[in-house]
Amino acid sequence: MFTGIVTAIGTVRSVKRTDEGLTLRIGAPYRGVRKGESIAVDGACLTVERSGAGWFEVHVVETTLERTRIAGYGKGHRANLERALKSGDRLGGHLVQGHVDGVGRVERVTRQGDAWLLDIQVPAAVARVSIPLGSLTLDGVSLTIHGMPSPGVVQLSLIPFTFQHTTLGERRPGDPVHLEGDTIGKYVDHLLRSSPHAGRRPDQEG
């Protein structure tokens, strides 16, 4: 489990393709990284297989490659990183599982006062669980939905600290981004859709 509060920006040092997927070596300032621990890389929860001073390696299976944009990562790619929560840690963002629900695309980046607004085209599954002032994880960053200017488009507001201390300040129109919808919203959506009364009016129940 994560919070969407980025604690470091890592840099891909090497990419190795295997029959089972992809192995990434990522440079990071973390200390004491252990084999088997989870680290969110641009919002995707990955398991550490090896580590050393200033780096760790993760293996990305084909299923993850199909659901994310990680297959396009090359040497030098900068990624938002977050280590998994420990019991008792502060929950500064929102509950994040590290499960990418889909890949969105940046439509527009505009400045508004001391903030930046990002308009993101999102898949239908993400749009269904997105509401104004709700939460959305973008490339591993916990953000509040500023508005929904048009169908399938979510607008997010970045404060200067987030703009400067994550890779979101590098995003430009056309860029793909990882998205994870609100966890509670996804469960509610699933329960409503799987209910035998889904789609019925109150006067039709019984």
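The values are calculated or read from the model by the stated rules, or taken from the named source; none is laboratory data. Since the model is a prediction, treat every value here as computed from it, not as a measurement. We place every Cβ from the backbone using ideal geometry, glycine too, and count neighbours over all the protein chains shown.
Inspection of region 25-33 finds no residue satisfying the criterion of being modelled with pLDDT of 95 or more, within 26 Å of Pro123 (Cα to Cα) and not charged (D, E, K, R). Taking region 55-77 as the range and being in contact with a Ser or Thr (Cβ under 7 Å, 6 or more places away or on another chain), loosely packed, with under 15 Cβ neighbours inside 10 Å and of a type in the set (D, E, K, R) as the test, only Lys75 passes. What about Thr183, is it surrounded by 12 or more Cβ atoms within 10 Å (Cβ to Cβ) and farther than 26 Å from Tyr73 by Cα? Taking the combined requirement at face value, the residue satisfies it. Residue pairs whose Cβ atoms lie under 7 Å apart, separated by 6 or more positions or on different chains, with the first residue in region 31-47 and over 9 Å from Glu82 (Cα atoms) and the second surrounded by fewer than 21 Cβ atoms within 10 Å (Cβ to Cβ) and acidic (Asp, Glu), are Lys35/Glu49. Quick check on my filter: what residues within region 88-146 are more than 25 Å from Gly10 (Cα to Cα), in contact with a helix residue (DSSP H, G or I) (Cβ under 8 Å, 6 or more places away or on another chain), buried (at least 16 other Cβ atoms within 10 Å of the Cβ) and without any contact (Cβ under 8 Å) to a residue 60 or more places away in the chain? Result: Ser130, Gly134. Residue by residue through region 108-167, note down the ones that are over 21 Å from Ile5 (Cβ atoms), among the aliphatic types (A, V, I, L, M) and in a helix (DSSP H, G or I). Listed by number, the residues that qualify are Ala124, Ala125, Ala127.
Screening the candidates Arg90, Arg78, Arg111 for the property of being among the charged types (D, E, K, R), farther than 24 Å from Val188 by Cβ and assigned by TED's automatic domain parsing to the domain that holds Thr47 yields one hit, Arg78. Taken over region 1-55, the criterion of being of a type in the set (D, E, K, R) and not in a strand (DSSP E or B) is satisfied by Asp19, Glu20, Arg31, Arg34, Lys35, Glu37, Asp42. Of the residues contained in region 83-96, one or more are found to be within 17 Å of the chain's Cα centre (by Cα) and assigned to a strand (DSSP E or B). You will find that of Ser87, Ser51, the residue that is at pLDDT 95 or above, farther than 24 Å from Gly169 by Cβ and not basic (Lys, Arg) is Ser51 and no other. Here Gly76 fulfils each of the conditions (1) in a loop (DSSP other than H, G, I, E, B); (2) at negative phi; (3) over 19 Å from the mean Cα position of the chain (by Cα); (4) modelled with pLDDT of 95 or more apart from (2).
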